[in-house]
Amino acid sequence: MPIRKPIPKLSHTENYPIVRFTIERESNRGPTPEPVICVVSQDGCWEVINRAIAQYNGYIQLVSDGISHKFHKVVYENYHEPLYDNYALHTCDNPICANPSHLFRGTHADNMRDAAEKGRMCRKLTPEEVQDIRKIYANRSITQKELGTIYGVTPTTIGCITRRKTWRWLNEVD
Ligand SMILES: [Zn+2]
């Protein structure tokens, strides 16, 4: 049997638009972990705002007792079932989302297929389109998913643009 990383235990409280996950302390000695704070997006995603995002895969990292976990996996295992060798995939295609109802279980093959399907949707945007996306999204009358469909990119791409994770150098033009 492979040794599994112990999964931190979570509970949460909702006070719209804020969701706060409390992480149970692993032992009496360790410091009490800081809660994970999320903001509920237009799409119903619980977007984590106070934790580091892993540089290459874009997921939220949760460090507990010196072990780094992908936070959405921790959420899945707390609210659904153990994953063992499986993956927690996002129905919303938003890697920083921690809403348990946006997560489903998939195998490695599912994970690859999911990534490939989402990859096919992606295309390069022009600076003008990026400015338009920010302007349109600022009104909040449209979801990231809808914007993604219009521009032929994933909601994640839209989210990165509106949060200025990408195209940061591009100034707003009125
Ligand atoms: Zn979501």
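The values are calculated or read from the model by the stated rules, or taken from the named source; none is laboratory data. Note that the structure is predicted; figures quoted are calculated from it, not measured. Neighbour counts run over all protein chains shown; Cβ positions are idealised from the backbone, glycine included.
Points to keep in mind about this one:
- Total residues in segment 131-146, condition in a helix (DSSP H, G or I) and under 22 Å from residue 45 (Cα atoms): 9
- Every condition in (1) crowded, with 19+ Cβ neighbours inside 10 Å; (2) part of a loop (DSSP other than H, G, I, E, B) holds for residue 81 except the one numbered (1).
- Residue match in segment 69-76 (condition: among the hydrophobic types (A, V, I, L, M, F, W, C), within 14 Å of the ligand (Cβ to nearest atom) and in contact (Cβ under 8 Å) with a residue 24 or more places away in the chain): yes
- Qualifying positions in segment 18-38 - of a type outside the set (Ser, Thr, Tyr) and either at pLDDT 95 or above or within 14 Å of residue 71 (Cβ to Cβ) (or both): 18, 19, 20, 21, 23, 33, 34, 35, 36, 37, 38
- Any hit, segment 84-102, residues being closer than 25 Å to residue 116 by Cα, away from the ligand (no atom under 12 Å from the Cβ) and surrounded by 12 or more Cβ atoms within 10 Å (Cβ to Cβ): yes
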